[in-house]
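The values are calculated or read from the model by the stated rules, or taken from the named source; none is laboratory data. Everything numeric in this text was worked out from a predicted model, so none of it was measured. So basically every Cβ, Gly included, is an ideal-geometry build from the backbone, and we count neighbours across all protein chains shown.
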Amino acid sequence: MPRFFIDHSPTPSQTAALYGEDARHIARSLRMHPGDPVTLCDAKGHDFLCVIASVSDDCVTLDVRESVPSQGEPSLFVTLYQCLPKTDKMDAIAQKFVEAGGSALVPVVSKRCVSRPDEKSLSRKIQRWQKIAEEAAKQCKRGKIPEVLPALPLEQAVLRAQSDPNKIFFYEGGGTPLRQLLQPDAKTLSIFIGPEGGFEPGEVEFAKQHGFSVASMGPRIFRTETAPIAALSAIMFASGNF
């Protein structure tokens, strides 16, 4: 069933409407008609089961029939602090991170990052990554749209995550196995993934000084675009969200 996000929470028996790009998608791409079912989501964890009342390229009206809890949200809120990779790798990271169950993405600039866009360029990139996250949330039936937050230098990112009681710094130089660090009753988790060149030892020490556990993903070295998805998949499995 097609699924669209809306910025309010309708009640059953009300009429809702979709405009612009969403309306054109329903009318032109999906070629839907009155009577066809559509799901709306308020991005707050609530789904609304609807039936199309009318269709045009500019507006689609829907009769709201039922409200149900969204089934696509994990019980664990994971924030990924991802060091900026080269080229367009962050596009794929943003998409797959949302599909795997991540809840917030913070781009990070560390010492070995090759990609160092200026402020204006980075702002445009963040807007694109947010759009990718929204499209991924629609596709995989998330109940909320994960947020892509402003980029931070590594030290500021560490300080931001410091208050999270569960925080892991993945390091290719070795560390504690991930399975030993995951808390079964955790509600939040912050994870850090390095760039193509990895983290510098001084960055790892800085994280340790601020309460981070340093973790290993085993004997193999993952690419920076593979590591966050591998880590998140393991985390979601261990927390019962797979």
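Worth a mention:
- Taken together, Leu105, Leu49 contain a single residue that is assigned to a strand (DSSP E or B) and either touching a Gly at 6+ places or on another chain (Cβ under 8 Å) or not assigned by TED's automatic domain parsing to the domain that holds Leu122 (or both), which is Leu49.
So that you can scan it fast, the table gives a plain yes or no per residue for (1) in contact (Cβ under 8 Å) with a residue 12 or more places away in the chain; (2) in a loop (DSSP other than H, G, I, E, B); (3) farther than 25 Å from Ser75 by Cβ; (4) under 13 Å from the mean Cα position of the chain (by Cα):
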site	(1), (2), (3), (4)
Val114	yes, yes, yes, no
Gly143	yes, yes, no, yes
Ser163	no, yes, no, no
Pro195	yes, yes, yes, no
Glu203	yes, no, yes, no
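- Flag for Phe192 being closer than 16 Å to Thr176 by Cα and either among the aromatic types (Phe, Trp, Tyr) or outside the structural domain of Pro107 (by TED's automatic domain parsing) (or both): yes
- Only residues that are over 21 Å from Phe237 (Cβ atoms) and either surrounded by 16 or more Cβ atoms within 10 Å (Cβ to Cβ) or of a type in the set (Asp, Glu) (or both) were counted in region 172-198, giving 5.
- The set of residues in region 145-155 being in contact with a strand residue (DSSP E or B) (Cβ under 9 Å, 6 or more places away or on another chain) and part of a helix (DSSP H, G or I) consists of Leu154 alone.
- Verdict on Glu147 being within 14 Å of the chain's Cα centre (by Cα), modelled with pLDDT under 95, farther than 21 Å from Gly240 by Cα and not polar (S, T, N, Q): no
- Residues located in region 41-86, provided they are of a type in the set (Val, Ile, Thr) and out of contact with any helix residue (DSSP H, G or I) (no Cβ under 9 Å at 6 or more places or on another chain): Val51, Thr61, Val64, Val68
- Residue match in region 83-101 (condition: of a type in the set (Ser, Thr, Tyr) and at pLDDT 95 or above): no
- Some residue of region 121-128 being in contact (Cβ under 8 Å) with a residue 40 or more places away in the chain and more than 21 Å from Glu225 (Cβ to Cβ): no
- Complete set of residues in region 206-230 that are out of contact with any helix residue (DSSP H, G or I) (no Cβ under 7 Å at 6 or more places or on another chain), among the aliphatic types (A, V, I, L, M) and in a helix (DSSP H, G or I): Ala227, Ala230
- Neighbours by Cβ (under 7 Å, 6+ apart or cross-chain): first from region 210-224, in contact (Cβ under 8 Å) with a residue 24 or more places away in the chain; second among the small types (Gly, Ala, Ser) and in a loop (DSSP other than H, G, I, E, B): Val214/Gly175; Ala215/Gly175; Ser216/Gly174; Ser216/Gly175; Thr224/Gly194
- Flag for Ile229 being more than 18 Å from Lys111 (Cα to Cα) and within 18 Å of the chain's Cα centre (by Cα): yes
- Restricting region 11-46 to residues that are outside any strand (DSSP E or B) and among the polar types (S, T, N, Q), the residue that is nearest to Glu134 (Cα to Cα): Ser29
- The set of residues in region 199-242 that are surrounded by 17 or more Cβ atoms within 10 Å (Cβ to Cβ) and charged (D, E, K, R) comprises Glu203, Glu225.
- Residue tally, condition under 18 Å from Phe192 (Cβ atoms) and either of a type in the set (Val, Ile, Thr) or touching a His at 6+ places or on another chain (Cβ under 6 Å) (or both), over region 80-95: 1
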